[in-house]
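Chemist: Handing you a structure now.
Every number here is computed from the coordinates shown, using simple stated rules; none is lab data. Since we're looking at a predicted model, the values are computed, not measured. Cβ placement follows ideal geometry from the backbone for every residue including glycine, while neighbour counts extend to all protein chains displayed.
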Amino acid sequence: MATRRGITLKRYGIAQANHYYIRGFRMKVEAVDPVGDMTSYVFVYRRYPPDPYTQEVFDEFVTVASFVDLDEYPVGEPDPQSSLPFFRSNVVELDFRSAADAEEAWNIIRTEVCALVDALNRADNMVLEETASCGDASEESDSSGESESL
């Protein structure tokens, strides 16, 4: 039987703000309570090299992970043995110029995380698509140890 997976997304925003004066909107999304073998580390970040003056490292949110990204990118920080500057986190915090932009981003994040869960669940249900035989699969191998020349 296939493993069923799930995840909960928590969305946080600025509480009781007068949006007319703030002129910006911050949203934080946290992935929690994974079900089955689902991971909560579904947000892909890119780490940039340290600033040459301050040595400060900058991480930028890139996307919601694909199921291939879950295998390829480590949790917490990029793999120092790899040239890929990507890693995964369970939290993303974003700033927007309007409430509408924040709402649109939330809808995209929610849709993409749900698509990831669905893709992982579907990947468990593999079916035989093709069989290929190479050579004469019905011929037994030569037991004398000699091989035929072409």
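Chemist: Hey, with R₀ at 30 Å, roughly what FRET efficiency would residue 3 and residue 62 work out to, going by the Cβ-Cβ distance, to 0.05?
Modeler: 0.65
Chemist: Turning to a different aspect of this structure: Do any chymotrypsin sites (Phe, Trp or Tyr not before Pro) in the range 29-110 lie in a loop, going by DSSP, with at most 16 other beta-carbon atoms within 10 Å of their beta carbon, and if so which?
Modeler: Qualifying residues, ordered by number: 53, 58.
Chemist: Which trypsin sites (Lys or Arg not before Pro) from the range 82-124 combine a DSSP loop assignment with at most 13 other Cβ atoms within 10 Å?
Modeler: Answer in residue order: 97.
Chemist: Also, I was wondering about something else. In 10 Å bins starting at zero, report the fraction of Cα pairs in the range 6-123 per bin as a rounded %.
Modeler: Pairs per bin, as whole percents: 13, 38, 32, 15, 2.
Chemist: While we're here: What GluC sites (Glu not before Pro) does the range 9-97 have in DSSP loop regions with at most 16 other beta carbons within 10 Å?
Modeler: Loop-located and lightly packed - 56.
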